[in-house]
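Below is one structure, written out as structure tokens; comments come after it.
Where a number appears in this text, it was derived from the coordinates with a stated rule and is not lab data. Predicted model only: the values in this text are computed from it and were never measured. Here the Cβ positions follow ideal geometry from the backbone for every residue, glycine too, while neighbour counts run over all protein chains shown.
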């Protein structure tokens, strides 16, 4: 499938871009630039001045907090429901986190100055971006609570479900080492948790590919953190992505 024919090549397969009014869309459509988002691509590092915003359509981007010793832990994930680079319109210009592509795909890039101008020009755009930001902050806060109080097994289930919600299929390409880096835990803990889920028939893991076999089983196995985050996204962004 070529990029021009792929659903990911339609910017309105991003949930936020799909919700723009016709009047707003007329201004946005000419500044959008399609970009490939390969696995591991770093969109920005801590302290970088962010010059553009990315709206994923088929990729998933992880936001990571990086410690001085190089250790990192994921604080949020963003897919077709959102955008990467909220500091552009929040007035910060930069952020202490790192944004890296967790699952390869496509997205659309918009210049930072255009986003700032639109945020101030259109109340509808401003409210849309702020609603997404509130949902993202909820995810960040719940991730912090989950990482502190819940087992690696439950964290892994939450992480898999959040990723699955942002994929078109049921397969995730991700090594256990990368998952461990995302969760901020030892690889052995992820290996043990993944084997438990596989033994119980919830997932199949082979050569860096995780296939979800029983989504309902994962939802029953995870902690309340996944439900809290999903409900807030559904409440704030009740939008359908077009086919």
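Numbers at a glance
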read-out	value
Helical mean residue ellipticity (222 nm; -39500 (n - 2.57) per DSSP H run of 4+; nearest 500) of the chain	-13000 deg cm²/dmol
Relative packing of 111-122, 9-20, which averages over residues the other C-beta atoms within 10 Å, highest first	9-20, 111-122
Cα gyration tensor category, rounded, prolate or oblate, for the chain with a/c compared to 1.5	prolate
Relative contact order of segment 39-97, pairs being alpha-carbon contacts under 8 Å that are 6 or more residues apart, as %	44
Gained length - residue 49 relative to residue 168, 0.36 nm times residue gap less alpha-carbon distance	39.7 nm
Orientation-averaged projected area, Cα convex hull of segment 7-122 (nm²)	6.8
R0 of 35 Å, Cβ-Cβ distance residue 21-residue 214: FRET efficiency to nearest 0.05	0.30
The chain: angle of helix 112-121 to the longest principal axis, Cα-based, in degrees nearest 10	70
On Cα atoms only, tilt of 224-236 relative to the major axis of the chain in degrees	20
Relative contact order (percent, whole number), the chain, Cα cutoff 8 Å, 6+ residue spacing	22
Relative contact order of segment 7-122, pairs being alpha-carbon contacts under 8 Å that are 6 or more residues apart, as %	38
Euclidean distance of C-alpha centroids, segment 69-141 and segment 4-67, integer Å	9
Residue of 210, 60, 75 that the Gaussian network model of the chain assigns the largest fluctuation, springs spanning Cα pairs under 10 Å	210
Nearest 10 degrees, 0 to 90: helix 187-199 Cα axis against the chain principal axis	80
